[in-house]
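Below is one structure, written out as C-alpha cells, with a few remarks after it.
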Amino acid sequence: MHDVTKLHILAYYACIFEYSTISYECLFSLLDFPTWDVYDPMSERRVFAAAVAVADKMYVLGGFSDRFGTELSSVESTTTDSGGVWTTEGAMTMPEVRQKHCAVRVPQTGIIFVAGGISYSSAMVYDTEQVY
C-alpha cells in the first residue's frame, strides 16, 4: 500500500507522489485500457508540482525537491509514444521557482497558464506551439 501524499489527475494521467520512500511512480491510463503503465522516473524527484496535458504531451512543472530542499522551476514532459521516458524541457524552464501552484491548458490552444503557489501572486503563460 502506498503512503500517498499527493494525487494529481489531469485528463487521463495521474502522478502519485510518496513521502514514505521519497520516490514516485508516474502512471498513465486511457479509458479504453484496463491497465496502468508504469513510466520511468523523472530526472528530478519533486513534490508539490503541477501537471497539465497539452495535445499528446504531459507536462510536470516546478515543485519542490525534497532531496535538495529547494524549489524548482524546471519542466519535464512525456508522451504516450515515448515508452514512459521523461524529457527535461530546457526552453520551458519557468522564470521563477514555483511550488503548490496550479497549471491549466487554455482550451483549444497549446497555452499553459500557471498561477498561485506558496507566496506567489503572479501568473505565468507559456505557449507550447511557439518555437523559442
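Here are some notes:
- Approximate spin-label separation GLU96-ASP56, in nm, with each point projected 7 Å along Cα-to-Cβ: 3.6
- Within the range 51-65: backbone nitrogen closer than 16 Å to the ILE111 label point (7 Å, Cα to C-beta): 54-55
- Among THR80, THR35, THR70, the order by Cβ neighbours within 10 angstrom, fewest to most, reads THR35, THR70, THR80.
- Cβ crowding within 10 Å, taken as a proxy for footprinting-reagent exposure, orders SER121, SER74 from fewest neighbours to most as SER121, SER74.
- The charge dipole of the range 57-132, taken about the Cα centre with unit charges on the Cβ atoms of Lys, Arg (+1) and Asp, Glu (-1), comes to about 180 debye, rounded to the nearest 20.
- Likely footprinting exposure, SER77, SER122, SER82, fewest C-beta neighbours within 10 Å first: SER122, SER82, SER77
Rule-based calculations on the coordinates, nothing more; no lab input. In this text, all values refer to a predicted model and were calculated from it rather than measured experimentally. Positions of Cβ are generated from backbone atoms using ideal geometry, with glycine treated the same way; all protein chains shown enter the neighbour counts.
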